[in-house]
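Accompanying notes for the structure given below.
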Amino acid sequence: MIDWKNWKTGAMIGFVYGLICALYWIPIFTAQYFPSSHSPLLQCEDTCAGIYEIIGVIFFFHIGFFTYLITVPFYRHIDVNCIILVYSIIEIIVGTALGAAVGHFFGWYDRPQNKERT
């Protein structure tokens, strides 16, 4: 019988990670597409915004990479509000899928070791 516990745990962790990634990138997308004085990143200097983006790329590279690959074909044809919404939703979905894959891999990797011990 297949043990789905690791798959589900990985999916939940990936969902939370994707949600954090989406929330992290919303101010950057807002600053890029809505250049107004109400954005929190425009109130700090260029160095502050640059460091914020670099930290985001370091921590969320794999989710951002797959989200970019998915959205490149159609992001120029939708309006600004939809871009932010679509990026956020796709980042959450990609985070969940990657978490599920990693959880399934570790469950698959751990299974042969447990059989040898018994």
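The values are calculated or read from the model by the stated rules, or taken from the named source; none is laboratory data. Quantities reported herein were computed from a predicted structural model and do not represent experimental measurements. Counting neighbours? That spans all protein chains shown, and the Cβs are built from the backbone with ideal geometry, glycine included.
How many residues does region 75-97 hold that are over 18 Å from Trp25 (Cα atoms) and modelled with pLDDT of 80 or more? Break it down stepwise before answering.
Quick first cut of region 75-97, residues over 18 Å from Trp25 (Cα atoms) only: 76-78, 97.
Next, only the ones that are modelled with pLDDT of 80 or more stay: 77-78, 97.
Of the residues in region 75-97, 3 are over 18 Å from Trp25 (Cα atoms) and modelled with pLDDT of 80 or more.
I'd like the residue in region 51-74 that is at pLDDT 85 or above and among the aromatic types (Phe, Trp, Tyr) and, out of all such residues, is surrounded by the fewest Cβ atoms within 10 Å (Cβ to Cβ).
Phe61
Filter region 71-88 down to the residues that are touching a residue at least 12 places away in the same chain (Cβ under 8 Å) and closer than 15 Å to Ala22 by Cα and list them by number.
If the condition is that a residue be touching a residue at least 12 places away in the same chain (Cβ under 8 Å) and closer than 15 Å to Ala22 by Cα, then Thr71, Ile83, Ile84, Val86, Tyr87, Ser88 are the ones that fit.
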